[in-house]
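Note sheet for the following structure.
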Amino acid sequence: MRVLVTGASGFVGRALVEELRHGERSYEVHALERSAGDLAEPGVAESAVAGADVVVHAAARIGVVRCEEDPEAALRSNVLATTLVARACAAHGARLAYVSTADVYGSVDRAGEETPPAPASLYALTKWWGEQAARLYAPERLLVLRIANPYGPGVETGQGKGALPTMLQQAERGERIPAFRGEARSWCWIGDVARAVRLVLESGEDGVFNIGSDAEPLALTDVARLACEVVGASPELIDEVEPPPGRVTPRIRVDRLRALGWRPEVGLEEGMRLLLESSRQAA
């Protein structure tokens, strides 16, 4: 199986390339990074997709804040580029696996794959539009992978993304740690996410898959306390603050993924310690 991974220089894309090349089964993987061209430009997607059996489209503009700051870039990256990739997949007979987000569900208590999307931010809306473009142009054996709260090494800190590495960095530096009041999330180690994507690709199934942890959500204030504990910093650094508009924390069901034999292997505390170790080694 020849696999093209777009967004290969990004957080999720980089982990997928590693898993598909060196996991339980190894595949011929072409890692398409941002430096190789803009997928929203005519001809770039067409050229990249040629020769691939499967295209895992992970390239995107990520984050509520970043998309609000530059709506044009959000539309270009998440909708136009996806449209061109999907059209190229159809033209070359490649299967498309579109990396979406659980944010498309909006504010719901627990979302299964059948839950109607209700995007509550421009970011979620553009990813939902990306899903629709994929269905319109490349419906044959289409996979839609709705990922929820991945974390691990390689996430940029600040800029409205990478909450866990940002908290660890702030705790280590003795800086104030803002934690959004009333927000709770179930986090999933990036290695477990990448392994889940590989299992879905190998299963031969299609349609929508939720990918992430279905554990009890943990309040961001408690996550901040865990960051302080892991680093050895005082929890008095934590400030509860109001979340920006448009942030949602849908809790997902992953029964379909678990039926393939997937189970998360890295718990949050272990993952936080691994993340801290990686951060210190990179410093």
Checklist entry - Per residue, how much accessible area does region 171-275 have with a 1.4 Å probe, in Å²? => result 45
Checklist entry - Which of the trypsin sites (Lys or Arg not before Pro) found in region 5-70 are in a DSSP loop and have at most 13 neighbouring Cβ atoms, other than their own, within 10 Å? => result R25
Checklist outcome for this item: For the pair E270 and E242, the simple spin-label estimate (label points 7 Å beyond Cα toward Cβ) gives in nm 4.0
Checklist entry - Can you tell which of A227, H92, Q169 lies farthest toward the positive end of the dipole of the chain, using +1 and -1 charges on the Cβ of basic and acidic side chains (Lys, Arg; Asp, Glu)? => result H92
Next on the checklist: Springs between alpha-carbon pairs under 10 angstrom, Gaussian network model over the chain: which of E236, E172, E140 fluctuates most?
Outcome noted: E236
Checklist entry - How much of the accessible area of region 145-249, probe 1.4 Å, is carbon plus sulfur, in whole percent? => result 47
Item to check | Sequence ranges 41-51, 144-154, 214-224, 76-86, ranked by mean other-Cβ count within 10 angstrom, highest first | outcome: 76-86, 144-154, 214-224, 41-51
Next on the checklist: With a 10 Å cut-off between alpha carbons and a GNM built on the chain, which of I211, I238, I190 moves the most?
Outcome noted: I238
Item to check | Carbon/sulfur fraction of accessible area - region 31-114, other protein chains in place, 1.4 Å, % | outcome: 47
Next on the checklist: Keeping every protein chain present and rolling a 1.4 Å probe, give me the accessible area per residue for region 1-51 in Å².
Outcome noted: 54
Item to check | Most fluctuating residue given options H57, H30, H22, as computed from a GNM of the chain linking Cα atoms under 10 Å | outcome: H22
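The values are calculated or read from the model by the stated rules, or taken from the named source; none is laboratory data. These numbers come from a predicted model, not from an experiment. Cβ: placed from backbone, ideal geometry, glycine included. Neighbour counts: every protein chain shown. For accessibility, only protein heavy atoms count, side chains too; no ligands or nucleic acids. Shrake-Rupley method; radii C 1.70, N 1.55, O 1.52, S 1.80 Å.
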